[in-house]
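Asker: This is the structure, below, for whatever I ask next.
The values are calculated or read from the model by the stated rules, or taken from the named source; none is laboratory data. In this text the structure is predicted, and so the values were computed from the model without any measurement. For neighbour counting, all protein chains shown are included, and Cβ atoms are generated from backbone atoms with ideal geometry for every residue, glycine included.
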Amino acid sequence: MLPALLGLPIYKKIDEIQYCDYVFELIPDKRIIVSSNTERTSNTIIKITNKISYDISKVSHGLTIGSTGSGKSFYVNSKILDYARMGAELYIADPKSADLSLIRFVKGFGKERVASEPHQIARMLREVTEIMENRYRECFNDVSAFGKTFVDFSLPPVVVVIDEWAAFINSVDKKLRDECSKYLLKLILKGRASGCFVELILQRPDTSFLEGSVRDSIGCRIALGNMSKQGYEMCFGSSDVDYKTITVKGGGYIKIDGLHNEAVYFETPLIQKNFNFLEELQNIVNSQPPFPTTKTVEIGRQTP
């Protein structure tokens, strides 16, 4: 009734004990058009729309849910470019050997930074976990580190992007599954201060693949395309949001800790057909110092 009466979409609804606030958008949000921009940024901001952005030093990790054709691949590509522009050390895990696995052809990545085989992905998660633990030992070992994050120590973000975590978990034996799940949990629960982050991509947030406690520790959660009420609840938790039918590719709902009490509608950055993602990523990498070499850890060996 109210949207029809005012001719404005509801941005969010805030329920209080004695009343309910309806927030309308006088000026609609706008999609970002992804363009070639090889300049390195000096901040830790991920910009999602003209109005929505967040600081990874305050909001840790990302979860992107969406079925085939929902636009999640393009969104993740735009986010990878944002991380690269801030000088992040990127690790890519693509169990399906699909588009993200092609990042191995970008100079500076290779087999050390892009993995598709189960044991390669396990080694990658182990290495990123070791980076996190080493940072805590070296930088957060006395009272002077109280309240500080990786930004205060001029450490680059370390980001592991995992496409189709569910497909990966289903493809490995119990021993490897338990090991990788342990590392994922450590990174999500402890990674923020040290600057070690996880970007998970799933078709649906089934609790058999992603525990609710892990999901709730992820600061930026996104559901693209149309989902069932149960699917939205598995992504965002229980809420009174009246989810509308998504008609735009890249349209969906987003919830960012500290910014949204409930999920709100948004549209992802738009990557046009003539945009060459791999070429742009290569240009960004070329404009920065080379990625540092990470110590390789053998599968089955315990992290010191």
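Asker: Looking only at the range 73-114, which residues are assigned to a helix (DSSP H, G or I), under 27 Å from Asn43 (Cβ atoms) and among the small types (Gly, Ala, Ser)?
Answerer: Ser73, Ser78, Ala84 - these are the residues of the range 73-114 that are assigned to a helix (DSSP H, G or I), under 27 Å from Asn43 (Cβ atoms) and among the small types (Gly, Ala, Ser).
Asker: So is Leu100 in contact with an Asp or Glu (Cβ under 7 Å, 6 or more places away or on another chain), assigned by TED's automatic domain parsing to the domain that holds Ser228 and of a type in the set (A, V, I, L, M, F, W, C) or not?
Answerer: It is true that Leu100 is in contact with an Asp or Glu (Cβ under 7 Å, 6 or more places away or on another chain), assigned by TED's automatic domain parsing to the domain that holds Ser228 and of a type in the set (A, V, I, L, M, F, W, C).
Asker: Inside the range 52-67, can you point out the residues that are crowded, with 24+ Cβ neighbours inside 10 Å and among the β-branched types (Val, Ile, Thr)?
Answerer: Ile56, Thr64, Ile65
Asker: Also, I was wondering about something else. Every residue in the range 131-170 that is under 20 Å from the mean Cα position of the chain (by Cα), under 30 Å from Arg204 (Cα atoms) and either in a helix (DSSP H, G or I) or among the β-branched types (Val, Ile, Thr) (or both), please.
Answerer: Result: Ile131, Met132, Val158, Val159, Val160, Val161, Ile162, Trp165, Ala166, Ala167, Phe168, Ile169.
Asker: Select from the range 54-73 the residues that are in contact with a strand residue (DSSP E or B) (Cβ under 9 Å, 6 or more places away or on another chain) and among the small types (Gly, Ala, Ser) and write down the one among them that is nearest to Lys148 (Cα to Cα).
Answerer: For the range 54-73, the residue satisfying everything is Ser60.
Asker: Let me ask something else. Does any residue of the range 137-153 turn out to be assigned by TED's automatic domain parsing to the domain that holds Ser171, buried (at least 19 other Cβ atoms within 10 Å of the Cβ) and more than 25 Å from Ser42 (Cα to Cα)?
Answerer: No, the range 137-153 contains no residue that is assigned by TED's automatic domain parsing to the domain that holds Ser171, buried (at least 19 other Cβ atoms within 10 Å of the Cβ) and more than 25 Å from Ser42 (Cα to Cα).
Asker: A follow-up question, please. With the structure loaded, tell me whether Ser70 is surrounded by 15 or more Cβ atoms within 10 Å (Cβ to Cβ) and either at pLDDT 95 or above or not in a helix (DSSP H, G or I) (or both) or whether it fails that test.
Answerer: Taking the combined requirement at face value, the residue satisfies it.
Asker: Can you tell which of Ser213, Ser239 is over 15 Å from the mean Cα position of the chain (by Cα), among the hydroxyl-bearing types (Ser, Thr, Tyr) and part of a loop (DSSP other than H, G, I, E, B)?
Answerer: That would be Ser239, the only listed residue that is over 15 Å from the mean Cα position of the chain (by Cα), among the hydroxyl-bearing types (Ser, Thr, Tyr) and part of a loop (DSSP other than H, G, I, E, B).
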